[in-house]
Amino acid sequence: MDKIIRVDVGTKEIRVGAVKEDYKFLGGRGLTSRIVLDEVDATCDPLGEFNKLVIAPGLLGGTAVSSVSRISVGCKSPLTNGIKEANSGGLAGTYLSRAGIKALIIEGLPKDEELYLLEIDGNNVKLLSANDLRGLGTYATVERLYSRYGKDVAIICIGPAGEMRLRSASIALSDPNGELKFAARGGVGAVMGSKGIKAIVVKPSKESVSYYDKDAFLEVAKKINRALLEDPKTGDAYKKYGTAQIVNAVNAIGALPTMNFRYGAFEYAKNLSGEVLYETVVKRGGEGRTGVTCMPGCMIMCGNIYPDERGKKIVSTLQYETIALVGSNLGFDNLDSVARLNREINDIGMDTIEIGGVLGVAIDAGLAKFGDEKSCMVLLDEIRKGSVLGRVLGNGVEITGKVLGVYRVPVAKGQGIPGYDPRALKGNGVLYATSPMGADHTAGNAFGSRNEVNPLSREKQGELSRNLQIKITTLECLGFCIFARPPLLKEPQLLADMLYYRYGVKFTVDQVWEMGIETLKVEREFNVRAGISPAHDRLAEFFYKEPLPPTNAVFDVPEEEMKKAIV
């Protein structure tokens, strides 16, 4: 039977309880957002006693279909001061689903300065001391825990940034290869740090998910898996080039963040492309690999291990968003520098999108130089040490811009802009401004729809963004990676069929999409209670004023069109 685990870090009380009836068909982002709305005072301090950290797999997590065991982490965001869901691959989604754990809720505030480890073994949940992990980076934390528990456990942890409650802090999750994936956006790692939780260890369950009709479910799973393998993008391109396959395409439409969002194209973009990444990995060999999976059973395998010239691993995975924000945005013309900065940001336990934006603003303030790896590493070291400057930088793009007096600060609702400049990809500008998540490309990225709606058009962007937000939110409720969407959106009846064969309850396609609609309404309701009104549905001012070369576009989608995106 499904259960919800509650851990009160103030009283040290741990409760394993039944799932409320109205939560029965909520999962992933739908469940984390609903629990946050129901249980968190929207006006609370995000790093205080009354916020809660909610971790939940999707409704189809742990099943036999590809790309469906992602995990959602929800809370009130210390960056946006609104609701947040950060999504990640790794092992935790599979393990929690198979153990029948529908959600893990961490609440309260520690009454001491101790650090804690939460150990989950089915219904046996313990809160243990983790003081020996204090100050360790994410990589060392995982290695220490592997030496204690073995490598078959799922680990969720924070680095020094989370311990310091820095608002750019992420949460790291181990994957089947022992590499790290991140629930990165919105400062969720700072919330975990505020609860005094350094790490969560989930032991593999002896159980498995139950099915109403397993044979029928497996037939649907085979159909989806086959479609993913036959699609040129999900079947081949992602395995070879990873998410970096879009670098050249984003550069071509003039939307690639360059030199702190001064330009939309970078003359050295080809050096940062997925093609060069693949060629470099193959040439260097050693520990380098492409086609690496981030969760059990994924057919897409978009991960990679990027090696140095000796074939030794620098980082896994080097992704598009990091290449854009830490690469072209900072003026780097080579993947080696991006990979080394990526690893350091990961180890401190921070969001590479947010910190890429931070470093761009810091460079504009004269604290470092574009294309200068050493000067950027010096600033990252300040964050690791927790100096006054480091704490300013670690608290995100908006705070950094305010303290340093910089005008060009790429944010929306307090969160750093991802790797698509909203002036040249206006559907994403609508998304950043209107989504309850703020500037988060994963909430409904319009880049894949650029052939349907002109990226520079002032028209049709609102409806496009609304439809994308609903569909992506629904996939996150089910536990799917958004890269698996081609066969699912082409034939959405497959989603309804899987829910029926898993749970024995009939859903129409409209009822499936209603999961996304209701979740977006829940999230907007929380934000309204938190004081985030429609007046906050805007981007940083410079996006409306500064033309972006080479298209010389500004963000000029009319207000009436923007409103069409709101569910």
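The values are calculated or read from the model by the stated rules, or taken from the named source; none is laboratory data. Small disclaimer: the values here were computed from a predicted structure and weren't measured. All Cβ positions, glycine included, derive from the backbone under ideal geometry; neighbour counts span all protein chains shown. For the accessible areas, the whole protein counts, side chains as well, though only heavy atoms, and no ligand, DNA or RNA atoms are used. Shrake-Rupley method; radii C 1.70, N 1.55, O 1.52, S 1.80 Å.
Taking segment 173-280 as the region of interest, the helices (runs of 4 or more DSSP H) fully inside it that hold 3 or more residues being modelled with pLDDT of 95 or more and open to solvent by 10 Å² or more (accessible area, probe 1.4 Å) are 214-230, 238-241, 247-252. Restricting the first member to segment 338-364 and to residues that are modelled with pLDDT of 95 or more and of a type in the set (D, E), and the second to residues that are in a helix (DSSP H, G or I) and open to solvent by less than 10 Å² (accessible area, probe 1.4 Å), the beta-carbon pairs closer than 7 Å and six or more apart or on different chains are E344/L380; D347/T138; E354/V397. Contact map, segment 522-543: first residue closer than 12 Å to N81 by Cβ and open to solvent by 20 Å² or more (accessible area, probe 1.4 Å), second residue in a helix (DSSP H, G or I) and not hydrophobic (A, V, I, L, M, F, W, C), Cβ cut-off under 7 Å, separation 6 or more or different chains; the map is empty. For segment 297-337, taking the residues that are under 24 Å from P487 (Cα atoms) and either β-branched (V, I, T) or in a loop (DSSP other than H, G, I, E, B) (or both), the one that is least open to solvent (accessible area, probe 1.4 Å) is identified as I300.
Pull up segment 418-475, narrow it to residues that are open to solvent by less than 20 Å² (accessible area, probe 1.4 Å) and of a type in the set (K, R), then point me to the one that is nearest to T258 (Cα to Cα). For segment 418-475, the residue satisfying everything is R423. Restricting attention to segment 85-106, the residues being open to solvent by less than 20 Å² (accessible area, probe 1.4 Å), within 24 Å of R165 (Cβ to Cβ) and either in a strand (DSSP E or B) or free of Cβ contacts under 8 Å to residues at least 60 places away in the same chain (or both) number 7. When you scan segment 108-124, do you find a residue that is over 30 Å from E219 (Cα atoms) and either in contact with a His (Cβ under 6 Å, 6 or more places away or on another chain) or of a type in the set (S, T, N, Q) (or both), even just one? The answer is yes; a qualifying residue exists. Considering every residue within segment 285-294, establish whether at least one is touching a residue at least 40 places away in the same chain (Cβ under 8 Å), in contact with a Leu (Cβ under 7 Å, 6 or more places away or on another chain) and open to solvent by less than 10 Å² (accessible area, probe 1.4 Å). No, every residue in segment 285-294 fails to be touching a residue at least 40 places away in the same chain (Cβ under 8 Å), in contact with a Leu (Cβ under 7 Å, 6 or more places away or on another chain) and open to solvent by less than 10 Å² (accessible area, probe 1.4 Å). Filtering segment 405-424 for residues that are on the phi > 0 side of the Ramachandran plot and either out of contact with any Phe, Trp or Tyr (no Cβ under 9 Å at 6 or more places or on another chain) or part of a helix (DSSP H, G or I) (or both) leaves a non-empty set.
Say we look at segment 315-325 and pick out the residues that are within 14 Å of T290 (Cβ to Cβ) and aliphatic (A, V, I, L, M); which of these is farthest from the chain's Cα centre (by Cα)? The residue in question is V315. Which of the residues spanning segment 518-567 are of a type in the set (V, I, T), out of contact with any Ser or Thr (no Cβ under 8 Å at 6 or more places or on another chain) and in a helix (DSSP H, G or I)? Scanning segment 518-567 gives a single hit, V528. Residue check: is R458 of a type in the set (K, R), out of contact with any Ser or Thr (no Cβ under 6 Å at 6 or more places or on another chain), over 26 Å from G93 (Cα atoms) and not in a helix (DSSP H, G or I)? It is true that R458 is of a type in the set (K, R), out of contact with any Ser or Thr (no Cβ under 6 Å at 6 or more places or on another chain), over 26 Å from G93 (Cα atoms) and not in a helix (DSSP H, G or I).
Residues checked against (1) open to solvent by 10 Å² or more (accessible area, probe 1.4 Å); (2) within 18 Å of V512 (Cβ to Cβ); (3) not polar (S, T, N, Q); (4) not in a strand (DSSP E or B):
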| position | (1), (2), (3), (4) |
| --- | --- |
| G30 | no, yes, yes, yes |
| R34 | yes, yes, yes, yes |
| L37 | yes, no, yes, yes |
| T43 | yes, no, no, yes |
| F50 | yes, no, yes, yes |
| T63 | yes, yes, no, yes |
| S67 | no, yes, no, yes |
| G74 | no, no, yes, no |
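So which of T80, T138 ends up being farther than 21 Å from L31 by Cβ and under 17 Å from the mean Cα position of the chain (by Cα)?
The conditions single out T138.
Give the residues of segment 1-28 that are in a helix (DSSP H, G or I) and more than 22 Å from the chain's Cα centre (by Cα), sorted by residue number. Once the filter is applied, which keeps residues that are in a helix (DSSP H, G or I) and more than 22 Å from the chain's Cα centre (by Cα), segment 1-28 yields E21, D22, Y23.
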